[in-house]
Amino acid sequence: MVVREFRVKGVLVRSRVPGVDYSVNPYVGCLHGCRYCYVAGMPYVRTRCEEWGTFADAKVNAPELVAREIRRLSPGVLVIGVATDPYQPPEAEFRVTRGILEALADANAPERGIEVRVLTKSSLVLRDVDLLRALGAEVGLSVTTDSEEVRRIFEPGAPPIRERVEALRELKGAGLRTYTFVGPMLPMDPERLVEMLVGAVDRVVLDRLNYPWRVRDLYYAHGLGHALKEEFALDLARELVELFSRRGVPAGPTRRWAARLRRGFSGL
Ligand code: SF4
């Protein structure tokens, strides 16, 4: 794993994600190394001679830039962590995300009409509950499956599912608005996932696997097909084969999981 510091010229950017006006990414790269991560396919990552998941560059001057750049923003939704995880392991030392939250709080972001959201897979977010509360932020943790086995295949460097669900409960208990991003939906038992998350979140966002062919290639390149055969139930193998069977089209299991998740979370 390689972690470096570097300085950037700007950090607050307009976002093309629906419902999001601005984004800020405290790092380039992500040590969580999810196999399905769309960022791994971006030109600025592809041209590096480093494998996705093995590097993270900390934008150490991001907090001072946020303090300056926030003055030109009109009201809108600002998400921290669209193309990186803001609470991946180096954040414990570099505290870039914390610095950004401090800058937003100092600049009275909520009074300026800036609605702050954070999306992560890490319980390290609990460290910043004080600032997140001061900002009235909404905090999301991605939970893509109920199965630790599946999580280990697709999100090898990310924290376990249970840890994320517990973090959501703590955040909600601390009075914060919480959500979970079930994206991409991976092989799962939807009813079990609902059971795990009910009471921990105020809303749920679903997304499908957008690049099944790339994930499939990675999957086999890493010898995971063999691991799957050896370690996991045949049902899961069948679901994965079906998931990877069509290019860019939501495959059968995805539709089934989504319908059952929607039913399960309909009371939220
Ligand atoms: S945590 Fe998010 S940014 Fe990091 S590798 Fe996974 S999907 Fe990509």
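The values are calculated or read from the model by the stated rules, or taken from the named source; none is laboratory data. If you're wondering where the values come from, they're calculated on a predicted model, not measured in any experiment. Please note: Cβ atoms are built from the backbone with ideal geometry, for glycine as well, and neighbour counts cover all protein chains shown.
Considering 57, 85, 106, the condition of being acidic (Asp, Glu), closer than 22 Å to residue 182 by Cα and either touching a residue at least 12 places away in the same chain (Cβ under 8 Å) or within 16 Å of the ligand (Cβ to nearest atom) (or both) is satisfied by 85 alone. Checked against (1) in contact with a helix residue (DSSP H, G or I) (Cβ under 8 Å, 6 or more places away or on another chain); (2) basic (Lys, Arg); (3) away from the ligand (no atom under 15 Å from the Cβ), residue 35 meets all criteria but (3).
Scanning the range 116-123 for residues that are surrounded by fewer than 23 Cβ atoms within 10 Å (Cβ to Cβ), in the same structural domain as residue 201 (by TED's automatic domain parsing) and under 30 Å from residue 256 (Cβ atoms) turns up nothing. For the range 94-113, the condition of being under 29 Å from residue 188 (Cβ atoms), in the same structural domain as residue 32 (by TED's automatic domain parsing) and surrounded by fewer than 19 Cβ atoms within 10 Å (Cβ to Cβ) holds for none of the residues. Of the helices (runs of 4 or more DSSP H) entirely within the range 27-108, those holding at least 3 residues that are modelled with pLDDT of 95 or more occupy 62-69, 91-94, 96-106. Cβ separations smaller than 6 Å between residues 6+ apart or across chains give the following pairs from the range 27-45 residues that are among the aromatic types (Phe, Trp, Tyr) to residues that are modelled with pLDDT of 95 or more: 27/56; 27/58; 27/84.
I'd like the full set of residues that are assigned to a helix (DSSP H, G or I), within 12 Å of the ligand (Cβ to nearest atom) and in contact (Cβ under 8 Å) with a residue 60 or more places away in the chain, limited to the range 146-167. Within the range 146-167, 154 is the sole residue that qualifies. Search the range 168-189 for residues being hydrophobic (A, V, I, L, M, F, W, C) and away from the ligand (no atom under 14 Å from the Cβ), and hand back the single one that is farthest from residue 38 (Cα to Cα). Across the range 168-189, the extreme among qualifying residues is 174.
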